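The values are calculated or read from the model by the stated rules, or taken from the named source; none is laboratory data. Computed from a prediction, not measured in an experiment: that's the story for all the values here. Neighbour counts are summed over all protein chains in view; Cβ atoms, including those assigned to glycine, are modelled from backbone coordinates with ideal geometry. Ligands, DNA and RNA are stripped out before the accessible areas are found, and what is left, the full protein with its side chains, is counted by its heavy atoms. Shrake-Rupley method; radii C 1.70, N 1.55, O 1.52, S 1.80 Å.
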Amino acid sequence: MNTSPIDDDEPIVSPRFSTPLRNTSTPRDHEPTDASLEELRRWQEQRVERKLRGEYESQVKKLVEVITANLDKPARIGSIRVEGAHRTRSSFLGSLVKPYLAAPADGSSPRATTLEDVVNTTREVQSLLQDTQVFKSIKPTLERSWSPLAERDDIDIVFHCTERGKYIIRTATDVGNQEGSASAMAKINNVFGGAESLEGNISFGTKTRQAFQLRLEAPVVSLDHSLKTRGEISAFSTERDFSSFASASESAKGMKFALRTPWRQGSHEVAYELTSRHIGNLAEDASLSMREAAGHSFKSALTHTYLRDTRDDTMFGSQGTYTKIAHEVAGLGGDVSHFKSESVFQVSRQVANGLSLSFSTATGLLYPLPLYSSRPPSAQSMFSDRFQLGGPLSVRMFKQNGLGPKDGGDSLGGDMYWSAGVSLFTDVPKKPHWPVKLHAFVNAGRLDALDRSKPIDLVASIKQSVTRPSISAGVGLIYRFDPIRVEVNIGVPLVASQSDLGRRGVQVGMGLEFL
């Protein structure tokens, strides 16, 4: 038997002695070591939260498995109840849920015959209740029907709802469309218990000196059960200052009746408007044309507007299109008689990473009509109805409303216009996350008046307008200040008519819609 020699010089180390109260635990749930009381409290709260979330997800998973396994089981809706709707009319709620309870007209079985049908109906009704914009929260539950006449498979759908606040008051200061304003808004939601809203607005601004509107809006359930079609009745009053481009101001009062409905990716609005207008407050140096335009006018008009917007970004779009087409027929009474059409189209495309191209066009036509008007068709169009063109929001590097016919220092507006623009947007180098973009543009357009003293040759007028454009180009910066877009551009007019008012150097624009 071999034995190892013992080194007398090697020290003998005794095992470490552990006291009974020593912490011998090993961290298993990421608990902090040598932590303060506050850190331990936060860790414990997170630990409890993770545990509860895990239990909740486990229960939801089990519930989904149970429902999935029983989707083909027979089930039928016994009733649909909405609880918590204290300020909403039962007749209105009944009109929403009745189609889901009534048997088909052909006498076949009710709509929901399986549990899957009941679940899908619950989702549809919940979505419909959310579209009313009356409820802040909606929690659906399925309960066994309590009716004494209920059959074994009957189920009641119960929605536990919390209504939104009825009153809203808000004040704001706004900057946009080359104007600053202060406004106040008061709104009553669900005013008559049928998802109606009554809203009043008042504002004071630098150009629109004062504006007031009272508007009542409500869904038209009889025309569209999905609540997407809405009707509107409004009364309005405005006072606008035109002194920046014409030596006058305009006050208008009127009423509007409108019906709006969605269609595919767009929307339609049909409206009838009655407006009393007055051009006054003429400056001492007002031109003869503006003095002739002064006075009262009354317009009775039927309008249609189509709007479709598929852009991924309203300011710096990289794909999609924007289309707006508006038509107006005036002359059903009053002293204004015309057909007015205006269209706007924009397409955006990404040409490279961080580089987008946008092409925009806009056109407008104001044509006389021999309808029931007190003014003869040969009379010139009303100043309030004419188009204005030019400025940082339309054809850049021209003064605000600086294109078209003039009389002295007054921009008289026109009956026909077109404008087109190509814009290139790119990120600031090494700063793609900044809300600022570099911008290069080329704009063109023209505004003309139709000579109504003789038969109008519309084709010749359009040809002459298209072949004699005013053109500008430049570069600049665009700042996103949602929902306002701010531009600071440097450019020059390249081609201009004798009456056009160009602007060289720096031009600043603020607004919602740009060419």
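Structure above, values below:
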item: Counted residues, the range 177-197 - those being part of a loop (DSSP other than H, G, I, E, B), surrounded by 16 or more Cβ atoms within 10 Å (Cβ to Cβ) and touching a strand residue (DSSP E or B) at 6+ places or on another chain (Cβ under 9 Å); result: 7
item: Selection within the range 180-195 - within 24 Å of Leu227 (Cα to Cα) and either of a type outside the set (S, T, N, Q) or in contact with an Asp or Glu (Cβ under 6 Å, 6 or more places away or on another chain) (or both); result: Ala186, Lys187, Ile188, Val191, Phe192, Gly193, Gly194, Ala195
item: Residue list for the range 399-441, filter: closer than 30 Å to Asp451 by Cα, under 30 Å from the mean Cα position of the chain (by Cα) and of a type in the set (Ser, Thr, Tyr); result: Tyr417, Ser419
item: Residue check, Ser91 at pLDDT below 85 and either polar (S, T, N, Q) or not in a loop (DSSP other than H, G, I, E, B) (or both); result: no
item: Evaluation of Gly200 against (1) under 23 Å from Leu128 (Cα atoms); (2) in a strand (DSSP E or B) (one fails), failing number; result: (1)
item: Criterion (within 25 Å of the chain's Cα centre (by Cα), surrounded by fewer than 16 Cβ atoms within 10 Å (Cβ to Cβ) and of a type in the set (Phe, Trp, Tyr)) met by exactly one of Phe359, Phe316; result: Phe359
item: Within the range 318-348, tally of residues that are farther than 24 Å from Arg386 by Cβ and part of a strand (DSSP E or B); result: 4
item: Residues located in the range 454-484, provided they are part of a strand (DSSP E or B) and either touching a residue at least 40 places away in the same chain (Cβ under 8 Å) or under 24 Å from Gln498 (Cβ atoms) (or both); result: Ser470, Ile471, Ser472, Ala473, Gly474, Leu477, Ile478, Tyr479, Arg480, Phe481, Ile484
item: Total residues in the range 472-483, condition open to solvent by 20 Å² or more (accessible area, probe 1.4 Å) and touching a Leu at 6+ places or on another chain (Cβ under 7 Å); result: 3
item: Filter result for the condition that a residue is over 30 Å from Asp500 (Cα atoms), among the hydroxyl-bearing types (Ser, Thr, Tyr) and buried (at least 17 other Cβ atoms within 10 Å of the Cβ), over Thr310, Thr321, Thr275; result: Thr275
item: Enumeration of residues in the range 116-156 that are part of a loop (DSSP other than H, G, I, E, B) and either free of Cβ contacts under 8 Å to residues at least 12 places away in the same chain or surrounded by fewer than 13 Cβ atoms within 10 Å (Cβ to Cβ) (or both); result: Trp146, Ser147, Pro148, Leu149, Glu151, Arg152
item: Scan of the range 239-253 for residues that are open to solvent by 40 Å² or more (accessible area, probe 1.4 Å) and either closer than 30 Å to Ser197 by Cβ or in a strand (DSSP E or B) (or both), ordered by number; result: Glu239, Arg240, Lys253
item: Test for Gly391: is it open to solvent by 30 Å² or more (accessible area, probe 1.4 Å), touching a residue at least 60 places away in the same chain (Cβ under 8 Å), at positive phi and not polar (S, T, N, Q); result: no
item: Top-ranked residue of the range 410-429 - restricted to ones that are farther than 19 Å from Thr363 by Cβ and β-branched (Val, Ile, Thr), ranked as most open to solvent (accessible area, probe 1.4 Å); result: Thr426
item: Condition met for Ser226 (part of a loop (DSSP other than H, G, I, E, B), more than 23 Å from the chain's Cα centre (by Cα) and at pLDDT below 90); result: no
item: Unique residue being open to solvent by less than 40 Å² (accessible area, probe 1.4 Å), within 17 Å of Ile155 (Cβ to Cβ), modelled with pLDDT of 80 or more and in contact with a strand residue (DSSP E or B) (Cβ under 6 Å, 6 or more places away or on another chain) when the list is Ala75, Ala85; result: Ala75
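For every residue, the table says whether it meets (1) touching a residue at least 60 places away in the same chain (Cβ under 8 Å); (2) among the charged types (D, E, K, R).
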residue	(1), (2)
Ser183	no, no
Lys187	no, yes
Glu196	no, yes
Glu199	no, yes
Phe204	no, no
Gln213	no, no
Ser226	yes, no
